[in-house]
Amino acid sequence: MDRFFHPKKIVLFGASSNPRKGGHHVLKNIKHYVQNNENIEFYIIHPSADIIEGVQCFRNIADITSEKIIFDLAIIVVPINAVMDTVRQCVKHDVSGILIESGQLDNDPYKALENGAEIISLIKGKNIRIVGPNSIGFNVPSLKYCTPLNYNPSYLETRERNVSFCGQSGLFVAGFIEQFMITQPFGISCSAAIGNKLDVNECDILEYYFNDPKTHVIGLYLEDIRDAPRFLSLIKKNKQKPIVLLKSGKSEQGKKAIGSHTGSLAGNYSLIEGLSKQFGLYLVDSYQEMFDLIAILCQYPKINSKKVGIISISGSGCVMSADFAAKYHIELTTLSPSLLAKLKNYFPPWAPISNPLDTWPSIERVGSTKSFQKLLNAYLEEEIYDAIILMTIATDLGAYDWGYLKTVRKNYPNIVIILHYFGGEKMNEYTQKAIKTRLPVVNNMQFIFRALSMMWQNHRFF
C-alpha cells in the first residue's frame, strides 16, 4: 500500500489548467507534494498541452524517457469514456498503483460491470493494485501528500495522537475530517477514500494502518464489507488500535441508496453488530458520534472501570447526567468521607455535595477557575474515579484554569477526562484551548455516557 500512501514516481492523466476542473486541483496537490519532499518524480500525460502549471506534458508514458520508468502511482482524472484506455496503457507499462478518481467506469451499468471484469483480468498475476473507481484517493499530512479533487493540502496535520481514516465517500475524508479537526485534539496520520473498491478494499487499508506507528485509532465509513472473512480475521487479531465503524445501509432504503452510489451490496447489519460485541469493534450511528468517540479514544484507548465523577456548573447537568448514567449502566460512585471533607472547604455550609456535583455554589464562593481546579484536584487525589466529566458554560463566568488542565492531562494520563460545554459565546475559544491541553470536547451529553459504556464493554480487547 506504500505505493498509494508514499509514491516516489507519479504520472497524472487528466491534468487541467482550468481551476474549475478536478484535474487542476489534483495537479496542484501533487506539485505541493513534490515541492515538500525530495526525490519525487512527477509527469503529466496530456493529448495536446506541452506545459500545465509549469509541469511538462507528454503524449503517452512511452514518450517520457528512453529508459523504462516503473511508476509507483498513476492518477486518472479523465472523462469516463477514456478511463478504460488509460488503465490499459498503465497496465501495459507496469504502473504498480492505479488510482481512478473518475466516477463509474461507464454510464451504462452493464458496460461498467464488463469494464470492471476486464480490469481485474488485466492485473491478474501482476504486481499492480487499483483504487477506485470513484475515489478521491489519499492524504498523508506529515508528507504534504494529497490527491483529492480539491486543492487544500494544508488543512490537516499530524499531531501527538492520531487517527487514520478509510471511507467509501470522498466527502467523508475531504469534508467532515476538516470540520472536526478544528474542534478536537486528535491529528491525522492518513486518510483514504477507496470508492467502489474494484480491487483495493478496506482490508488492505486496515493492514496498512495496523503497521503505521503514527496511527493510534482507526475510523471507517463503509457501505459494504467486500471481503468479510478477511475483515473478521483482521479485527480478531487487533489488540492495539481501536476501530470506530460507521456502517451505512441499515435500512432497506439505505441499501438501495448504496447500490446507486457505489454499486455495492450493503449486507446484513446484524452480523456487524455481532462482530462488535465479540471483538471490540466500536459502532456509531453518525459522523458526529464517530468524531466524538475518536476524540476520546485517541487520548484514552481504554478505561479501567465504569466509575465516573461529574463536576457540573449546572444543576440540570447533574440531573441529566444521572439519567444518562442509569441508561448506560455507568457507576456514579458515592463520594468517600475523605473526598467529602475536602470538597466542603470550597462550598458554603448550606450547599448539598454529592456525585454528580453541582459546582455553582462553589463558584459563587471562590470563582470558577479556583472552583474547578480545587474540586477536580480533590477527585483525582482520591483515585476513586476512572473517568471525570467537567461541564461548564463557555463564558468568563465558567472559565477553567487551562494551564492546570494541561498539567492534569500529563500527570493523570489514564484518567479519562472529558469536557462538555452547555453553550456560551466563547465556545470556539474554549475549544481551541482544549485542543492544546489534549482534552476531548463532547457537546452531546448523552453520547458521553454511551461512549464510556462502549469503552468499558471493549476494555478487555485493548
Matching residues in region 171-202 - criterion: being in a helix (DSSP H, G or I) and either out of contact with any Phe, Trp or Tyr (no Cβ under 9 Å at 6 or more places or on another chain) or modelled with pLDDT of 85 or more (or both): 171, 174, 175, 202
Tally the residues that are within 37 Å of the chain's Cα centre (by Cα), of a type in the set (A, V, I, L, M, F, W, C) and crowded, with 17+ Cβ neighbours inside 10 Å, restricting the search to region 43-78. 13
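Here's the yes/no breakdown for (1) crowded, with 18+ Cβ neighbours inside 10 Å; (2) at pLDDT below 95; (3) part of a helix (DSSP H, G or I):
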position: 405; (1), (2), (3): yes, no, yes
position: 428; (1), (2), (3): no, yes, yes
position: 431; (1), (2), (3): yes, yes, yes
position: 448; (1), (2), (3): yes, no, yes
Scanning region 32-42 residue by residue, those crowded, with 18+ Cβ neighbours inside 10 Å and assigned to a helix (DSSP H, G or I) turn out to be 33
Output yes when any residue across region 181-188 is out of contact with any Ser or Thr (no Cβ under 9 Å at 6 or more places or on another chain) and not assigned by TED's automatic domain parsing to the domain that holds residue 30, and no when none is. yes
Residue within region 6-24 that is within 27 Å of residue 120 (Cβ to Cβ), free of Cβ contacts under 8 Å to residues at least 40 places away in the same chain, not in a helix (DSSP H, G or I) and not hydrophobic (A, V, I, L, M, F, W, C) present: no
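The values are calculated or read from the model by the stated rules, or taken from the named source; none is laboratory data. Values in this document were obtained by computation on a predicted structure and should not be read as measured data. FYI the Cβ positions are ideal-geometry reconstructions off the backbone, even for glycines, and counts take in every protein chain you see.
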